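Here is the structure we will look at.
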Amino acid sequence: MSYLTTPDGVRLRVADRGDGESTIVLVHGWKGSHRLWDKAVHRLARDFRVVAFDNRGMGESDKPRCRYDFAELSGDLGFVLRELDLHDVTLVGWSMGCSISLEYLARDGGRVARLVLVNGPIKLTRSADFPWTMTEATLHGYLDALADRWPRSEREFVADTLAAHGTEEDFDLLYRVALQTPLDIAIRVVEEQARLDHRALLPRLAIPVLAAYGRLDPYYPVELGAYIAERVPEGSAVVFEESAHAPHIEETRRFCEVVAAFARGEAPTPGHAVRAALDI
């Protein structure tokens, strides 16, 4: 099945691989698509059923006139879970996919047994009591540059995403996929994302949560992963020392080992996991 059509008539591109009894669902980031998970899917599908889909407005999914808020985006995630009759899934959100996944858990949450947050925000802009993200000025600077210098600005964004060990081919894939998202939709989605604040949700999450962050990420520091692990009742964190913003691309083998172990219910092993008591 390559496409699913939502109740409001939007076709979502869906990839469904592997025959394992347990299911992993992958939610991509800003201006992404299921294709950015290719290397991870190849490995994970040996032992799991792996589902990845393109968010509306991005990749190979439809790009309709709609709100592009996170009620719609998280609603599409819930639709995919229900339509494919998926249960007890390990949900993996990357970057903006973290916001979609958290919003889904805040609004519905059914069918998800475990959550992996990969290099994504809890709140998009910083405040006095939450320093682990960008300032509003930085955010607006990104959006202004994106609009003023498109598509050159996208090349610069991809270069930051793969600042560690991404190859020229990885760069090319991310860039080509990003251009599938129209500029107006890309900006609209971020404006809607800036309205979210999932800090209060963390203590209410009643499932195991793994925060996985790249040491060299220019957007979200590893301290944010520790913050999440401290506030979720069953929280843990792992640092990918050789990754920037995309551990599933830059450290694919280890990323898949960590996610597979977590999906099986295994505790993160020493050397992989970190827990921090933060005094804030």
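The values are calculated or read from the model by the stated rules, or taken from the named source; none is laboratory data. If you're wondering where the values come from, they're calculated on a predicted model, not measured in any experiment. Cβ coordinates were reconstructed from backbone atoms using ideal geometry, including for glycine residues, and neighbour counts include every protein chain displayed.
Given the structure, is Ala237 crowded, with 19+ Cβ neighbours inside 10 Å and assigned to a strand (DSSP E or B)?
Values: crowded, with 19+ Cβ neighbours inside 10 Å: yes; assigned to a strand (DSSP E or B): yes.
Against the criterion (crowded, with 19+ Cβ neighbours inside 10 Å and assigned to a strand (DSSP E or B)), Ala237 qualifies.
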- request: Return the only residue of Leu91, Leu81 being under 23 Å from Thr252 (Cβ atoms), modelled with pLDDT of 95 or more and touching a Phe, Trp or Tyr at 6+ places or on another chain (Cβ under 9 Å).
  value: Leu91
statement: Checked Thr6, Thr23 against criteria (touching a Lys or Arg at 6+ places or on another chain (Cβ under 7 Å) and more than 27 Å from Leu146 (Cα to Cα)); the one match is Thr23
message: Quick check on my filter: what residues within segment 213-228 are buried (at least 24 other Cβ atoms within 10 Å of the Cβ) and among the small types (Gly, Ala, Ser)?
response: Gly214, Gly225
task: Being over 29 Å from Lys123 (Cβ atoms), in contact (Cβ under 8 Å) with a residue 60 or more places away in the chain and not aromatic (Phe, Trp, Tyr) is the filter here, so list the residues in segment 45-84 that pass it.
output: Asp47, Glu60, Glu83, Leu84
query: If you check Thr138, Thr125, Thr90, which single one turns out to be in contact with an Asp or Glu (Cβ under 6 Å, 6 or more places away or on another chain), β-branched (Val, Ile, Thr) and more than 22 Å from Leu179 (Cβ to Cβ)?
result: Thr125
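For Ser74, indicate whether it is in contact with an Asp or Glu (Cβ under 6 Å, 6 or more places away or on another chain) and buried (at least 18 other Cβ atoms within 10 Å of the Cβ).
Working: in contact with an Asp or Glu (Cβ under 6 Å, 6 or more places away or on another chain): yes; buried (at least 18 other Cβ atoms within 10 Å of the Cβ): yes.
Spelling it out, Ser74 is indeed in contact with an Asp or Glu (Cβ under 6 Å, 6 or more places away or on another chain) and buried (at least 18 other Cβ atoms within 10 Å of the Cβ).
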message: Return the residues of segment 13-50 that are within 17 Å of the chain's Cα centre (by Cα) and aliphatic (A, V, I, L, M); say none if nothing qualifies.
response: Val14, Ala15, Ile24, Val25, Leu26, Val27, Leu36, Ala40, Val41, Leu44, Val50
task: Output the number of the condition that Ala106 fails; it satisfies all remaining conditions of (1) in a helix (DSSP H, G or I); (2) surrounded by 17 or more Cβ atoms within 10 Å (Cβ to Cβ).
output: (2)
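Given the structure, is Gly29 in contact with a Lys or Arg (Cβ under 7 Å, 6 or more places away or on another chain), surrounded by 23 or more Cβ atoms within 10 Å (Cβ to Cβ), assigned to a loop (DSSP other than H, G, I, E, B) and not basic (Lys, Arg)? First the steps, then the outcome.
On the way: in contact with a Lys or Arg (Cβ under 7 Å, 6 or more places away or on another chain): no; surrounded by 23 or more Cβ atoms within 10 Å (Cβ to Cβ): yes; assigned to a loop (DSSP other than H, G, I, E, B): yes; not basic (Lys, Arg): yes.
So Gly29 fails the test.
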- prompt: Could you list, in sequence order, the residues of segment 240-268 that are outside any helix (DSSP H, G or I), surrounded by 22 or more Cβ atoms within 10 Å (Cβ to Cβ) and either free of Cβ contacts under 8 Å to residues at least 40 places away in the same chain or among the aromatic types (Phe, Trp, Tyr) (or both)?
  reply: Phe240
- prompt: How many residues are of a type outside the set (Gly, Ala, Ser) and either in contact with a His (Cβ under 9 Å, 6 or more places away or on another chain) or part of a loop (DSSP other than H, G, I, E, B) (or both) when one looks only at segment 56-99?
  reply: 21
